[in-house]
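A.B. asks: My structure is below; once you've seen it, I'll send some questions.
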Amino acid sequence: MTEDRRNPLRDAHLDRATAKHIPDTPQSRSPSYRLAFADEDFLCRDELRPVRLQLELLKYEMLMDEHGIEGTVVLFGGARIPEPAKKDTARTETLAELTRFYDEARSFARLITRKSIAAENRDWVIVTGGGPGVMEAGNRGAADEGGVSIGLNIVLPHEQAPNPYVTPHLAFNFHYFAIRKMHFLMRARAVCVFPGGFGTLDELFEALTLIQTDRMRPVPFLLFGRDFWESIVNWQALAEAGTISQQDLGLFQLVETAEEALEIIEAWEPQPRRGDIPDR
């Protein structure tokens, strides 16, 4: 036990270590004899899902607190967009054209990280999904400036180690998409969305819905690439159909460059929660 523990009871680490050296008997070899908290088979049972959800929320929240992370700038975007130097590897001509947003994401992360360093790497910290493409560009831009950045990776069948630019002690791995999404937004000072696919769209619309329905305080919400977003989503048609309010179109802004995005973020005045949902 460590000497500075306030609790006088025996520490769980010590008991776990001691349990590895107990006499080998039929009883001690039985799965029923394993310490519950050190029994991976037990923890992975379907009945333990509520506990795993809690653990996944709690572990990363505690680590963020321990490393002093107070505020983040969320960067969403496509994993399939390569850096411009590798645009010849892009699967389609459109993806090759979108490589410019790799550079914009990297430049944007540099600008934000300068603010973060001024805040002692506690606020304005870049957070991405930790993967390749635009996510890599965000972590890379932070590394360019010598700042820290967060990568919230998730276990996928075909992937993936975190990209090499994520700050190692802020590289996290998730099982539950829902808990990962919560961690993206719990400290968000701004949300920035670059071109992407299903995952990016999912994160975009969920975050917008949270603000629309007053489940989240308004923050600067920036979509990079007007041509891309207006070709993918007919925003005005949604408003004209009445499925969203015309006022909902003001929840986000379309931008083209890192400098334009930073200007909006720095000019942002805190806004009250929405209260009633317009046109309901």
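A.B. asks: Within segment 66-75, is there a residue that is in the same structural domain as Glu256 (by TED's automatic domain parsing), of a type in the set (A, V, I, L, M, F, W, C), more than 17 Å from Arg189 (Cα to Cα) and out of contact with any Leu (no Cβ under 9 Å at 6 or more places or on another chain)?
C.D. replies: Checked against the condition, which is being in the same structural domain as Glu256 (by TED's automatic domain parsing), of a type in the set (A, V, I, L, M, F, W, C), more than 17 Å from Arg189 (Cα to Cα) and out of contact with any Leu (no Cβ under 9 Å at 6 or more places or on another chain), segment 66-75 yields no hits at all.
A.B. asks: Any idea which residue in segment 1-35 is farthest from Tyr176 (Cα to Cα), counting only those that are surrounded by 10 or more Cβ atoms within 10 Å (Cβ to Cβ) and among the hydrophobic types (A, V, I, L, M, F, W, C)?
C.D. replies: Restricting to residues being surrounded by 10 or more Cβ atoms within 10 Å (Cβ to Cβ) and among the hydrophobic types (A, V, I, L, M, F, W, C), the top hit is Ile22.
For every residue, the table says whether it meets (1) farther than 25 Å from Lys115 by Cβ; (2) buried (at least 19 other Cβ atoms within 10 Å of the Cβ).
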{"site": "Tyr165", "(1), (2)": "no, yes"}
{"site": "His175", "(1), (2)": "yes, no"}
{"site": "Ile179", "(1), (2)": "yes, yes"}
{"site": "Thr200", "(1), (2)": "no, yes"}
{"site": "Phe205", "(1), (2)": "yes, no"}
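A.B. asks: If you take the residues of segment 26-43 that are polar (S, T, N, Q) and in a helix (DSSP H, G or I), which of them is farthest from the chain's Cα centre (by Cα)?
C.D. replies: Gln27
A.B. asks: Tell me, yes or no, whether segment 233-249 has at least one residue that is closer than 21 Å to Thr128 by Cβ and either modelled with pLDDT under 95 or in contact with a Ser or Thr (Cβ under 9 Å, 6 or more places away or on another chain) (or both).
C.D. replies: No, there is no match, as no residue in segment 233-249 is closer than 21 Å to Thr128 by Cβ and either modelled with pLDDT under 95 or in contact with a Ser or Thr (Cβ under 9 Å, 6 or more places away or on another chain) (or both).
The values are calculated or read from the model by the stated rules, or taken from the named source; none is laboratory data. Not measured: the values here are computed from a predicted model. With ideal geometry, Cβ positions are generated from the backbone for all residues, glycine too; neighbour counts draw on all protein chains shown.
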